[in-house]
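The values are calculated or read from the model by the stated rules, or taken from the named source; none is laboratory data. From a predicted model like this one, the values you see are computed outputs, not experimental measurements. Because the Cβ atoms are built from the backbone with ideal geometry, glycine has one as well, and the counts that use them run over all protein chains shown. Please note that ligands, DNA and RNA were not included when accessible areas were found on the heavy atoms of the full protein model with its side chains. Shrake-Rupley method; radii C 1.70, N 1.55, O 1.52, S 1.80 Å.
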Amino acid sequence: MAWYDGAIFYHILPGGMFGEEGDGEKSPLSRLEGYLSYLKVLGVDAVILGPLFSGDPLHYGMKSFSEMNPKFGTEEELCRYINRAHSMGIRVLFDEAVVFSCREFFIFRDILEKGDKSPYKTWYKNVDFQGDSSFHDGFSYASWKRKEQYPLFNFDDEDLRIYIIDQIKAWIQRFDIDGIRIANCTSLDIHFQKSLRYFTGQMKPEFFLLGDLRKGEPLRYVNSETLQSLCHYDFYQALVKAFNEKNFYDLAYTMGKNHEVLLQMNSFLESPRTDRISSVLTDRANLYGIYMALFTLPGRPSLYYGAEYALPGKRERKEEALLSNPFIPEDHKPDAFTNYLAKLSEIHGKNSELQIGAYKELYLDHRLYAFIRTDGNSGVLVLLNNDSMDQYIRLKLPIPATLAFDLIKQEEVEMDEYGQIKVFCAAHSGRMIKVK
């Protein structure tokens with residue numbers, strides 16, 4: 001079992017969390033180092049950090065692979081942060097969009113200066129010196145979502161592929177990172193994926209490659225030769241619908257797909273490209289139930305910074321802008337919801353069923369959903385109630401069991417001689433019951 005199979009991820013946008021300039025005395029990276037102890041208590045296994053190498057701290061778009069944006073701090077501070085995280089058993093991933101750059105990237109500047117005499121003219125997609133751009137560059141080119149401030153790399157160019165892989169290998173050597181979240185990876189070439197998996201795996205056997213893909217065929221990206229995981233947008237959309245429309249059917253249908261693939265997906269309720277879940281839910285009372293779903297259904301849970309305080313917030317209308325409402329940890333004190341998420345993390349970490357266990361649906365209607373995750377001779381039974389009314393249900397367990405124990409309340413649940421249990425599930429909540 002690789003380290004990431006049972007991991008809980010925590011996604012940090014440094015430019016949004018503290019603002020770009022820190023507090024005037026400490027850089028954002030120095031302040032993040034002091035935040036690691038808190039993340040450890042929260043149950044976090046891996047931090048996704050970035051973008052650090054973009055031209056704008058609140059946008060993707062590579063400006064340099066070798067020089068971090070100085071607004072975050074120094075390279076020494078970044079190394080110290082990662083070393084400190086590793087000493088606490090926390091892995092660190094960079095979050096970068098390697099499929100496009102900003103216009104300040106040295107390759108683009110060289111083409112601007114030298115035109116068709118630039119040795120890099122084939123490194124961007126569809127460069128045409130017979131055309132022009134809205135910036136009057138003297139040539140046209142393909143761009144991310146037709147936004148010409150973000151020219152797309154041409155992954156058909158072997159020299160470009162080699163260059164980017166060499167730069168990522170340099171990140172591993174310089175910073176000892178444990179993986180990369182590849183933002184906006186829709187156009188990521190399959191040959192590049194395979195090369196990236198091979199060369200990073202040679203340097204670190206469990207180097208984690210996480211793709212950010214809204215639409216596409218998962219098996220094209222996630223298999224033994226390409227990426228290890230994708231951000232699971234279908235799961236996110238099905239979860240939101242289940243709790244906002246009081247309808248679990250689409251969620252159950254999503255879970256009924258290829259189980260092995262679902263286990264490899266990174267699941268989330270908030271990300272740099274979504275609104276805060278507390279602003280998305282029509283009834284905030286469902287926060288407890290929807291986060292229980294995140295931690296118990298197949299997938300690797302990922303929290304976005306400040307999720308543990310149920311921060312509200314909506315992303316800017318600009319497509320390229322990231323969800324970046326400020327969050328100063330020192331301004332918050334742990335509350336009942338924070339403790340609840342920490343408890344979910346603890347339970348997830350102590351029960352292999354929730355990490356790698358098989359999934360089986362036991363009961364389904366619009367407002368009540370029951371399933372079990374099993375590993376060997378034990379299981380975790382989960383009930384989710386999206387309704388404003390309490391629910392009772394009697395279930396026949398699919399595995400032999402003589403003991404049922406509520407993992408949240410820390411109390412036994414009555415089971416009859418036939419292996420059936422009658423479970424009460426309060427409104428807008430869930431139950432997690434260990435059976436063995």
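At-a-glance table
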quantity: Nearest-10 value in Å² for the accessible area of HIS259, using the 1.4 Å probe; calculated: 50
quantity: Accessible area expressed per residue, segment 238-307, with surrounding protein chains retained (probe 1.4 Å, Å²); calculated: 27
quantity: Considering only the chain, percent of DSSP beta bridges that pair antiparallel, nearest 5; calculated: 60
quantity: Sites GLU217 and ASN244 - FRET efficiency at Förster radius 30 Å, r taken between beta-carbons, to 0.05; calculated: 0.65
quantity: Cβ-defined net charge surrounding MET292, 12 Å radius [Lys, Arg +1; Asp, Glu -1]; calculated: +2
quantity: Kirkwood hydrodynamic radius of segment 10-127, Cα pairs, Å; calculated: 15.6
quantity: Total formal charge among the other residues, if their Cβ is under 13 angstrom from that of ASP157, Lys/Arg +1 and Asp/Glu -1; calculated: -1
quantity: Average Cα contact separation per residue, the chain, under 8 Å, 6 or more apart, as relative contact order %; calculated: 13
quantity: Extension gain, ASP275 back to LYS350 (0.36 nm per residue minus Cα-Cα distance, nm); calculated: 24.0 nm
quantity: Sequence-distant residues sharing a close amide H with HIS11 (under 5 Å, placed H); calculated: ILE48, LEU303, TYR304, TYR305
quantity: Förster-model FRET efficiency, 22 Å R0, HIS366 and ALA427, C-beta, rounded to 0.05; calculated: 0.95
quantity: Per residue, in Å², the accessible surface of segment 90-137 once ligands and nucleic acids are set aside, probe 1.4 Å; calculated: 49
quantity: Between 0 and 90°, nearest 10: helix 190-203 axis offset from the chain longest Cα axis; calculated: 80
quantity: Where GluC sites (Glu not before Pro) fall in DSSP loop in segment 1-70, at most 16 other Cβ within 10 Å; calculated: GLU20, GLU21, GLU25, GLU67
quantity: Full-stretch length increase - GLU158, LYS396 - with 0.36 nm per residue and alpha-carbon distance subtracted; calculated: 79.9 nm
quantity: Gained length - SER37 relative to ALA358, 0.36 nm times residue gap less alpha-carbon distance; calculated: 112.3 nm
quantity: Long-range HN-HN contacts of THR274 with modeled amide H, under 5 Å; calculated: LEU323
quantity: 1.4 Å probe accessible area per residue over segment 140-211, in Å²; calculated: 41
quantity: Cut-off under 5 Å, modelled amide H: who pairs with ALA427 long-range; calculated: ASP390, GLN391
quantity: Helix axis angle, 28-42 relative to the chain longest principal axis, alpha carbon, degrees; calculated: 20
quantity: Estimated dipole of the chain in Debye, rounded to 20 [Cβ of Lys and Arg +1, of Asp and Glu -1, Cα centre]; calculated: 600
quantity: Whole-percent carbon and sulfur share, accessible surface of the chain, 1.4 Å; calculated: 47
quantity: Listed residues LEU13, LEU297, LEU407, most fluctuating in the chain (Gaussian network, C-alpha, under 10 Å); calculated: LEU407
quantity: Inter-label distance for LYS314 and GLN173, nm, one decimal - labels placed 7 Å from Cα along Cα-to-Cβ; calculated: 4.8
